[in-house]
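Single-structure report; data block below.
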Amino acid sequence: MRSAPAVRNRSAMRSSVFALTSVLALAAAIGPVNAEDLTPEQLAIIKKYGISKADQQKLFGTTVAARTPVATTKPVAALTEEPVQAAEVEKTGFLAGTTVFAGFDNFKSLGDRITNINGGTGSLTGSYGAVLGFNSGHTLTDSGFGIQAGAALGVYDFKGRLRIIPEAEAFERHQFYTVGVYKHSDLSDGGGTFADRLSLGLVYDAMHAENWGVNANTISLSQLRGTVGYALGNSTEVGVWATHGLDTDEAAVTVAGAPGVRREIRAADQTNLYVKHHFDFGGDVTAYAGVFDSSAIGEWQLGMTARVPLNAHWAAYGSANYVAPDSPSGPMGSGEEQVSLSFGLAYHFGNAAGSDVGGNKRLPMQDVASTRTFLITDSLTNP
């Protein structure tokens, strides 16, 4: 015959098992909730049975999503709507096609030609400085046609240069202005037609320079610059870009220290073939080679430009070109060589990266004129 204490122990054990089973059943019925946001029923159970925090996690779970799917659906929808709206504003906003840029520039041009000790011409100096500017494009129609406008200011020779004239310590300053029209290629729908793959651009460039060259000339010139490209695919484009001088000016480019000996100058006519490659990360590289008109001081040139997005808005850029002289090696050839090297950073109010070789459709097709694209020549190559 069992003793009374044994019966009481077994009865207590059954009560505990029953209580624990009830707790689990009630917890399952209530559903899993966050341990830091318990319901009154769950708090009552915890208080009654002294359930630890660890056991609370096991019993009641840590998520609300399973119990209240409707409540979580609305925030998700709200979160997905906001980025879409932000992207749309970035794509079509007034400043979406605007870029501001700043960088360093080094060049040598016709104005840097000086007289060497043998009496011939030889280029013994160049110009180093900084450039600040902006370029803005605005797409007008769904077909991708748009207008662009931009300007740049370059300041060179912060410590002066070799000048055999009173302005030996004056800065050299360049002002460039570019306005025109463009059409990007569009491969978003597969680019099935010829027109989809075609990119076009035509701009008017104006240049005004003070203290230009070793004789500190003040000059103003203009040119037309155009480009036609065809996208072979999402990553490659081939095409032609060219310039044509529109007017002339006079400058002392023959003998250093003789500002009164002036010669007619103009923007050189040039024609270049280019290949552009677009990378998956959004950057691009363009290489080109070209020739000049028969009366220019340059015979042919090689050049390259590159752009590397650093994030959604910032990008690094760089360019370089070399113009081979029309004259043979020696004093004359040295006086006609032209080079340009620049690099810097650009901030895009829209997106710095493009999805294909056509680039961001809101950005201008062509860069603001520079010492690389606005090359100056005279019509007589002999001093």
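The values are calculated or read from the model by the stated rules, or taken from the named source; none is laboratory data. In this text the structure is predicted, and so the values were computed from the model without any measurement. Reconstructed Cβ throughout: ideal geometry from the backbone, glycine too, with neighbour counts over all protein chains shown. Side chains are part of the model used for accessible areas, which takes the heavy atoms of the whole protein and leaves out ligands, DNA and RNA. Shrake-Rupley method; radii C 1.70, N 1.55, O 1.52, S 1.80 Å.
Among the residues of segment 263-289, count how many are within 25 Å of the chain's Cα centre (by Cα) and among the small types (G, A, S).
Result for segment 263-289: 4.
Mind telling me which of the residues G290, G282 ends up being open to solvent by less than 20 Å² (accessible area, probe 1.4 Å) and touching a residue at least 60 places away in the same chain (Cβ under 8 Å)? Please lay out each step first, then the result.
Values: G290 fails: touching a residue at least 60 places away in the same chain (Cβ under 8 Å).
Within the list G290, G282, the selection yields G282.
Assuming Y274 fulfils every condition listed in (1) closer than 16 Å to N360 by Cβ; (2) surrounded by 14 or more Cβ atoms within 10 Å (Cβ to Cβ) apart from one, which condition is it?
The single condition Y274 does not satisfy is (1).
Go through E82, E167, E90 for me and flag whichever is exposed (fewer than 13 other Cβ atoms within 10 Å of the Cβ), among the acidic types (D, E) and either closer than 24 Å to V203 by Cβ or at pLDDT below 90 (or both).
Within the list E82, E167, E90, the selection yields E82.
Going by the structure shown, is V261 among the hydrophobic types (A, V, I, L, M, F, W, C), loosely packed, with under 15 Cβ neighbours inside 10 Å and at pLDDT 95 or above? Give the steps one after another, and end with the answer.
Details: among the hydrophobic types (A, V, I, L, M, F, W, C): yes; loosely packed, with under 15 Cβ neighbours inside 10 Å: yes; at pLDDT 95 or above: no.
Answer is no for this residue.
Scan segment 184-210 for residues that are modelled with pLDDT of 90 or more and out of contact with any Gly (no Cβ under 7 Å at 6 or more places or on another chain) and jot them down.
Passing the criteria: L198, L200, D205, A206, M207, H208, A209, E210.
Here's the yes/no breakdown for (1) more than 21 Å from V238 (Cα to Cα); (2) within 19 Å of the chain's Cα centre (by Cα); (3) open to solvent by 40 Å² or more (accessible area, probe 1.4 Å):
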residue	(1), (2), (3)
T305	no, yes, no
V308	no, yes, yes
N311	yes, yes, yes
A315	yes, yes, no
E337	yes, no, yes
S342	yes, yes, no
L345	yes, yes, yes
L375	yes, no, no
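Just to be sure I understand, how many residues within segment 320-335 are touching a residue at least 12 places away in the same chain (Cβ under 8 Å), out of contact with any Asp or Glu (no Cβ under 6 Å at 6 or more places or on another chain) and open to solvent by 20 Å² or more (accessible area, probe 1.4 Å)?
6
If the requirement is being touching a helix residue (DSSP H, G or I) at 6+ places or on another chain (Cβ under 8 Å), of a type in the set (S, T, N, Q) and over 24 Å from F176 (Cα atoms), which of these qualifies: S327, S334?
On inspection, the qualifying residue turns out to be S327.
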